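Remarks on the structure that follows.
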Amino acid sequence: MLSSRPISFLRRANGSFALIRNHFKIQKLYASTYLKGQESEQINNTIGYFLSQNARQMPYANALKCTHQNVNWSFSTLKKHAEALACGLTELGLRPGDRLALIQGMNTELIVAFLACAKIGAVLVPLPEIKAAKDLTRFIELVRPRVVVSATKIGTKNYYKMIREVVPELSLSELHLPFKSKKFPFCKQILFTDMKEKPKEGTYQLKDYLVYGPFGYYETPLRRIAMELDSTNPGLILFNDKNPDKASSAVYSHKNVLNAGLTIAKALGLKQGDRVMVPKYSTSPTGSIMGNFSAFVSGGVIVYPAEEFSASNTLSLLTKEQCTTLFTEPQDLEELLNHADFSKNTYENLKHVVVCTPLGFDSSTVVGLLGQKLPQVKSYVVSGLEETSGILTINGKLVDNTEVKVVDGSLQVKGPLVATGKWQDIGHVGYETYEDGWVDTKFQRAKIEGNSLIIA
């Protein structure tokens with residue numbers, strides 16, 4: 001029976017809470033308009049299942065090219081490494097729903113960690129670029145990860161030194177023995193990914209926790225876990241700001257991530273063998289969801305040009321790696337188009353440039369510049385909100401399987417791309433949700449005219 005109270009809380013099956021409003025009587029007072037995208041096939045599997053499916057159907061097809069690490073992996077190889085790390089993380093005590101905080105550049109460890117977490121139902125939390133120990137402290141307090149996986153250094157930032165500063169108990173530990181942090185009692189292990197670095201006190205090297213088996217069919221530790229997972233399980237948490245006190249977050253399920261990738265792949269017509277460059281954006285939907293998983297879902301190749309973004313390197317490798325698709329954001333696309341090295345390359349294989357923007361952002365200037373400099377390339381402007389996995393419209397058209405309505409000026413959404421909620425100090429909290437399943441985005445600049453969603 002529905003509650004007669006105007007505001008109440010509903011506890012979801014995954015333990016999160018959603019704010020429910022009773023709208024039966026007061027909705028008549030609001031001006032409401034409605035729009036629905038076309039219906040099409042959706043993905044209702046987990047990321048781990050989809051990885052196994054790709055590895056069965058196209059085991060030797062290229063899946064990941066990381067040029068600065070000299071890595072060129074097939075789907076079967078990517079699956080092998082992801083499952084090895086998943087088994088190792090299980091031995092370390094990571095369980096479904098636990099968080100793994102990740103501090104990495106654009107490299108193989110990034111995608112392998114995500115797929116490994118997905119295999120065991122853990123939640124990956126790639127932390128934004130952290131410049132100060134106080135910010136790292138606040139993010140760890142907020143996320144409460146059981147395991148932290150970090151690079152020793154990225155560029156000029158020394159994360160080993162920063163981690164030792166926020167976890168001083170490491171200096172009192174012995175090699176390969178677990179530490180006990182007074183400030184972070186929930187954090188049990190810290191792993192560093194640099195293979196050339198020697199192990200440090202109280203920490204582990206990631207390579208030491210790659211468990212390759214072999215396992216019998218009924219012996220693999222991942223089998224039982226996989227039977228308990230479904231597509232609605234959370235798999236990824238993203239923060240939108242480097243400042244933890246200003247950052248808001250979104251919690252994305254396996255279904256959100258895969259269907260966002262499928263939506264982009266269908267719009268672009270991506271197919272097996274297409275090479276998709278993702279030059280940065282490991283902590284935003286542009287790269288971690290849309291870029292990576294449009295290639296993953298379509299059987300394409302994810303191409304990482306460098307650990308840190310470099311315009312000249314990106315331009316050079318677009319040609320050398322014969323990339324067909326580039327994911328970027330307006331400010332970085334403008335830098336690429338105006339760079340001194342732009343004219344040194346031919347881009348003869350480049351077909352699509354995907355420009356990812358917040359909903360309501362005017363990207364006409366940079367898209368016009370792209371048309372002038374690369375007239376043979378088709379541009380796709382993907383606009384969205386954090387609540388919709390970063391995607392709501394493509395070139396102004398509402399994406400498939402998504403419903404929107406504007407009630408009293410506020411945009412509400414429903415569909416497979418809508419995130420499961422946000423992460424706060426109290427944990428996973430659902431979005432403000434009405435009883436018929438609509439999520440209120442608080443976005444106030446939208447209106448619906450005919451079959452179009454118009455952003456004021």
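The values are calculated or read from the model by the stated rules, or taken from the named source; none is laboratory data. Small disclaimer: the values here were computed from a predicted structure and weren't measured. With ideal geometry, Cβ positions are generated from the backbone for all residues, glycine too; neighbour counts draw on all protein chains shown.
Here are the criteria: (1) at negative phi; (2) surrounded by 12 or more Cβ atoms within 10 Å (Cβ to Cβ); (3) not in a helix (DSSP H, G or I). Tell me which single one Gly213 does not satisfy.
Gly213 satisfies every listed condition except (1).
At pLDDT below 95 and either crowded, with 17+ Cβ neighbours inside 10 Å or polar (S, T, N, Q) (or both), is that true of Ile426?
Judged against the criteria, Ile426 is not a match.
Being within 22 Å of Thr46 (Cβ to Cβ) and aliphatic (A, V, I, L, M) is the filter here; which residues of the range 180-226 pass it?
Of everything in the range 180-226, those that are within 22 Å of Thr46 (Cβ to Cβ) and aliphatic (A, V, I, L, M) turn out to be Leu210, Val211, Leu222, Ile225, Ala226.
Have a look at Lys255, Lys242 and point out the one that is basic (Lys, Arg), closer than 30 Å to Lys351 by Cβ and either within 19 Å of the chain's Cα centre (by Cα) or not assigned by TED's automatic domain parsing to the domain that holds Ser282 (or both).
Lys255
Would a scan of the range 117-128 turn up a residue that is surrounded by fewer than 20 Cβ atoms within 10 Å (Cβ to Cβ) and modelled with pLDDT under 95?
yes
For Lys442, work out the one condition from (1) under 25 Å from the mean Cα position of the chain (by Cα); (2) buried (at least 16 other Cβ atoms within 10 Å of the Cβ) it doesn't fulfil.
Every listed condition holds for Lys442 apart from (2).
Matching residues to (1) over 27 Å from the mean Cα position of the chain (by Cα); (2) at pLDDT below 95; (3) closer than 25 Å to Thr283 by Cα:
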{"residue": "Ser150", "(1), (2), (3)": "no, no, yes"}
{"residue": "Lys153", "(1), (2), (3)": "no, yes, yes"}
{"residue": "Lys157", "(1), (2), (3)": "no, yes, yes"}
{"residue": "Tyr160", "(1), (2), (3)": "no, yes, yes"}
{"residue": "Pro168", "(1), (2), (3)": "yes, yes, no"}
{"residue": "Ile190", "(1), (2), (3)": "no, yes, yes"}
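Sort out for me the strands (runs of 3 or more DSSP E) sitting completely within the range 359-456 that have 1 or more residues that are within 29 Å of Ala122 (Cα to Cα) and in contact with a strand residue (DSSP E or B) (Cβ under 8 Å, 6 or more places away or on another chain).
Once the strands (runs of 3 or more DSSP E) in the range 359-456 are filtered for at least 1 residues that are within 29 Å of Ala122 (Cα to Cα) and in contact with a strand residue (DSSP E or B) (Cβ under 8 Å, 6 or more places away or on another chain), what remains is 378-384, 410-414, 422-424, 427-434.
Quick one: which of Leu359, Leu333 is touching a Gly at 6+ places or on another chain (Cβ under 8 Å), in contact (Cβ under 8 Å) with a residue 24 or more places away in the chain, surrounded by 18 or more Cβ atoms within 10 Å (Cβ to Cβ) and within 23 Å of Gly384 (Cα to Cα)?
Just a single option satisfies the conditions, and that option is Leu359.
Within 18 Å of Pro234 (Cβ to Cβ) and modelled with pLDDT of 90 or more - does that describe any residue in the range 389-396?
Yes, that holds for at least one residue.
In the range 140-166, how many residues are in a loop (DSSP other than H, G, I, E, B) and touching a strand residue (DSSP E or B) at 6+ places or on another chain (Cβ under 7 Å)?
So the count comes out to 5.
Within the range 221-253, which residues are closer than 13 Å to Thr283 by Cα, in a loop (DSSP other than H, G, I, E, B) and of a type in the set (Gly, Ala, Ser)?
Listed by number, the residues that qualify are Ala247, Ser248.
Condition check: over 18 Å from the mean Cα position of the chain (by Cα) and either within 27 Å of Asn256 (Cβ to Cβ) or not assigned by TED's automatic domain parsing to the domain that holds Gly384 (or both). Does Leu318 satisfy that?
For Leu318, the condition - over 18 Å from the mean Cα position of the chain (by Cα) and either within 27 Å of Asn256 (Cβ to Cβ) or not assigned by TED's automatic domain parsing to the domain that holds Gly384 (or both) - is not met.
Pairs please, first residue from the range 117-135 and touching a residue at least 60 places away in the same chain (Cβ under 8 Å), second anywhere and polar (S, T, N, Q) and assigned to a helix (DSSP H, G or I), Cβ atoms under 6 Å, 6+ apart in sequence or on different chains.
Between residues of the range 117-135 that are touching a residue at least 60 places away in the same chain (Cβ under 8 Å) and residues that are polar (S, T, N, Q) and assigned to a helix (DSSP H, G or I), the close pairs are Ile120/Thr90.
Identify the single condition in (1) over 23 Å from Glu308 (Cα atoms); (2) hydrophobic (A, V, I, L, M, F, W, C); (3) in contact with a Gly (Cβ under 6 Å, 6 or more places away or on another chain) that Ala122 does not satisfy, given that it satisfies every other one.
(3)
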